[in-house]
Amino acid sequence: MDAAATLTSAVDGNRIGPADALLLLEVATVPELGWAADRVCTAMHPERERTYVIDRNINYTNVCVSGCKFCAFFKRPNEDGGYVLSDEEILSKVDEAVALGATQIMLQGGLHPDLRIDYFEKLFKCIKATYPVALHSLSAPEIVHIAGVSGLSISAALGRLRDSGLDSLPGGGAELLCDEWRRKVSPGKCSADEWLLVMRTAAELGMKATATMVFGMGEELNCRIEHLGMIRDLQDETSVFTAFIPWTFQPGNTALGGNPVGAWDYLRTLAVCRLFLDNVANIQASWVTQGTQIAELALRFGANDLGSTMIEENVVAAAGTTYRMTEQDLVDIIHRAGFDAVQRTTQYGFVRAHRRRVCRTQRR
């Protein structure tokens, strides 16, 4: 099929293949992709609502043995500037977040060589005993690392963490699920198969997760499609993913360097993600890397969710990108895009709605 026929087929509810998705990335125009992705998104979410969640991203440590070339946040063990937050510091951050309406806490950090599973079990139990929040925490590479330094299988480690209060897994650490590329930029991090194994295991334990893709690191377009294919295949098998979040690499202060991809590439890729991932209900817009105006456009390019207020964000900020949003900012973006704004839970349950005001011209 040519690009026009592929877009029509996707809008009609048919599954497109990897070759079709690659063709769209290569030759379809931005308006065509936006139109098709918006039609597909509307069919999946016909209600005039778009969502967000209030949470805080707490980086419990920046010490990491992985040494990824695309990361500006990490410090090597014993390097100046490395830290591990105390339990008291973390609880204080949770307390501040809950006071601001947070329903979700995302704890993520580096692969610290000395933090074993008992550290996380104690911390999670303490948080859940004190605060009514969902712990959407620990990326797949962290799970693999924690299991390794603790002498446990992934299943055993994840089961213990779940029993200690871990509710669901964020999709971080996926970057691009293309091992050839991972060996170039993150050889110390888990493989694509290990990332998928963690998510498959989470599903077996009755947990949910999100999935991400970081693109714009110089990869070939087919690498993005390979990544999407792995996500779709695992979702067919497990239904583990509640949402997919594509976002762009930020090269500032990183060993990889290069130039950031622009909004054109972001919106094209976002639209293709919506068209290809027909079994993932929610697509999140990345205002953290793209800013306010592109986030608003993203709600017409296949995204139905703005993700989190991110009361605290350090990893992308370390690369020099420092967009900040209040809850009202997210509500305003959704309203300007023509939707009612709904605060949601981690699992996309309803918290409260912010109805937009519609001006009606008075007839004379």
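The values are calculated or read from the model by the stated rules, or taken from the named source; none is laboratory data. Keep in mind that this is a model prediction, so the values were computed, not measured. Because the Cβ atoms are built from the backbone with ideal geometry, glycine has one as well, and the counts that use them run over all protein chains shown.
Among the residues of the range 7-47, those that are acidic (Asp, Glu), within 19 Å of residue 299 (Cβ to Cβ) and outside any loop (DSSP other than H, G, I, E, B) comprise 32, 38. Could you tell me whether any residue of the range 165-174 is farther than 20 Å from residue 110 by Cβ and surrounded by fewer than 21 Cβ atoms within 10 Å (Cβ to Cβ)? Yes, the range 165-174 contains a residue that is farther than 20 Å from residue 110 by Cβ and surrounded by fewer than 21 Cβ atoms within 10 Å (Cβ to Cβ).
Residues 97, 4: which one is assigned to a helix (DSSP H, G or I) and in contact with a strand residue (DSSP E or B) (Cβ under 6 Å, 6 or more places away or on another chain)?
97
Residue selection: residue 174 satisfies the criterion of being at pLDDT below 95, out of contact with any Leu (no Cβ under 8 Å at 6 or more places or on another chain) and hydrophobic (A, V, I, L, M, F, W, C). Residue count for the range 200-211 satisfying the condition of being more than 18 Å from the chain's Cα centre (by Cα) and part of a helix (DSSP H, G or I): 2. For the range 122-164, a residue qualifies if it is within 23 Å of residue 245 (Cβ to Cβ) and in a loop (DSSP other than H, G, I, E, B), and the qualifying residues are 133, 137, 138, 139. Taken residue by residue, the range 66-75 has no member that is among the small types (Gly, Ala, Ser) and not in a loop (DSSP other than H, G, I, E, B).
Residue check: is residue 16 closer than 30 Å to residue 88 by Cβ, surrounded by 17 or more Cβ atoms within 10 Å (Cβ to Cβ) and aliphatic (A, V, I, L, M)? Here the answer is no, as residue 16 does not meet what is asked.
Restricted to strands (runs of 3 or more DSSP E) entirely inside the range 271-364, those with at least 1 residues that are modelled with pLDDT of 95 or more, among the small types (Gly, Ala, Ser) and in contact with a strand residue (DSSP E or B) (Cβ under 9 Å, 6 or more places away or on another chain) are 340-344, 350-354. Of the set (1) surrounded by fewer than 22 Cβ atoms within 10 Å (Cβ to Cβ); (2) within 22 Å of the chain's Cα centre (by Cα), all apply to residue 79 but (2). Candidates are the residues of the range 30-54 that are free of Cβ contacts under 8 Å to residues at least 60 places away in the same chain and over 18 Å from residue 356 (Cβ atoms); the one that is surrounded by the fewest Cβ atoms within 10 Å (Cβ to Cβ) is 31.
For the range 213-240, a residue qualifies if it is buried (at least 22 other Cβ atoms within 10 Å of the Cβ) and either polar (S, T, N, Q) or without any contact (Cβ under 8 Å) to a residue 40 or more places away in the chain (or both), and exactly one does: 234. Among the residues of the range 244-253, not a single one is outside any helix (DSSP H, G or I), within 30 Å of residue 27 (Cβ to Cβ), without any contact (Cβ under 8 Å) to a residue 40 or more places away in the chain and over 16 Å from the mean Cα position of the chain (by Cα). When the range 15-64 is examined, which residues are found to be closer than 24 Å to residue 279 by Cβ, hydroxyl-bearing (Ser, Thr, Tyr) and out of contact with any Lys or Arg (no Cβ under 9 Å at 6 or more places or on another chain)? Across the range 15-64, the qualifying residue is only 42.
Yes or no, residue by residue, for (1) hydroxyl-bearing (Ser, Thr, Tyr); (2) modelled with pLDDT under 95; (3) assigned to a helix (DSSP H, G or I):
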residue: 194; (1), (2), (3): no, no, yes
residue: 198; (1), (2), (3): no, no, yes
residue: 213; (1), (2), (3): no, no, no
residue: 219; (1), (2), (3): no, yes, no
residue: 225; (1), (2), (3): no, no, yes
residue: 228; (1), (2), (3): no, no, yes
residue: 237; (1), (2), (3): no, no, yes
